[in-house]
Structures are given as structure tokens and as C-alpha cells.
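Note sheet for the following structure.
The values are calculated or read from the model by the stated rules, or taken from the named source; none is laboratory data. Just so you know, these numbers come straight off a predicted model, no measurement behind them. No Cβ is skipped: glycine too gets one built from the backbone with ideal geometry, and neighbour counts run over all protein chains shown.
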Amino acid sequence: MSAEPQFLSFKGLKQYTPEDGWGQVHNLTQPQTAQNDTSPPVPENVPTLTDIPESAQDSSSPMLDASMQSLFEQLRATPNDHLTQTWRTIAAEVNLLTQRMALQRELQERLQRIDQDLVDLRSTILQHLQEVEQAATQQLRSARHRADVSALAQSKLAAKLNADR
């Protein structure tokens, strides 16, 4: 590539490669001589969150009175194993309680759906029974009408036969 004339400016352009990560394009076009560590050096005197500050400050500081000192000492103290185990047990029991309450809620919702299904089935059964009752009532009326017509026809026929004699 170095034999070809460059018409594009690669200033500020970055390219990602899995081996090297993000790198400057002009660095990629040139042969690599050494890997540069892009992370800035970390000074050794910067404290981290886990560092315990030394009590080099004098006790006459207005920020740290005796109660504040005892509070910081309590916070720095490692918890007792029994106390830690008790809190772990409590946390596990709270998790179990949460799971069981979620299961209870789910079962209650399921029970409500089943109850609604039962109510719907009962109303459907009652509706079908009413339809059967109406059909039976209609059949009974038809049978009574046939019986009345039969009785009338019998009496007319009997009257006609008796009149002919």
C-alpha cells in the first residue's frame, strides 16, 4: 500500500481488529514494531474503595469526633461469621417467601379463572335445561291438543252413529 498514492486522509480514523482492538488506521498501514499500551498508567498512591485509610489524621480534626471514629471502625470491622450466616439465612428465607407468595398469587389467579369457568358452565347448563323444559312443554301442549281433538272426534262420531240408529 505504501507504493500507492494516498488520496484519503486517515487522520482520526480508527479501525477495529479482534487481535489489537481499536487502533489508528495510519498505524495499521505501517508495519507494527511494538504494541503500545493505550491505557494510561495508574499512579500507585491513588486509593481504591477497598483500601482502609490509615489513621494518620490527628484526633483534633473537626470532621472526625469520637462517635464518627467509632462509626467508621464499626463499618471497617469484618462481620461475625454467625451474624453473616444469620443474614444469609434470612436472605434465603426472604427469597423463598417471595417465591411462595408469587406461587400463591399465581394459584389464586388460576383458582379465579376456574371459578369463572364453573360459573359459565353452570349458566350454560341452566340455559340448556330451560330449552329442554320449553321443548317438553311444547310436546305436552301438542299431546293435549291431539287428545282434545281425538276426544272431540270421538264424541262427534259417536253422536253421528247414535243418530243413525
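Annotations
- Yes/no for D81 being among the acidic types (D, E), exposed (fewer than 10 other Cβ atoms within 10 Å of the Cβ) and within 38 Å of the chain's Cα centre (by Cα): yes
- Residue check, A147 assigned to a helix (DSSP H, G or I) and either polar (S, T, N, Q) or over 55 Å from the mean Cα position of the chain (by Cα) (or both): yes
- Annotation note: of Q74, Q85, the sole residue that is assigned to a helix (DSSP H, G or I) and at pLDDT 80 or above is Q85.
- Condition met for R76 (out of contact with any His (no Cβ under 9 Å at 6 or more places or on another chain), basic (K, R) and surrounded by 10 or more Cβ atoms within 10 Å (Cβ to Cβ)): no
- All conditions in (1) under 46 Å from the mean Cα position of the chain (by Cα); (2) exposed (fewer than 10 other Cβ atoms within 10 Å of the Cβ) hold for K160, with the sole exception of (1).
- Here S60 passes the criteria (1) outside any loop (DSSP other than H, G, I, E, B); (2) among the polar types (S, T, N, Q); (3) at pLDDT below 95 except the one numbered (1).
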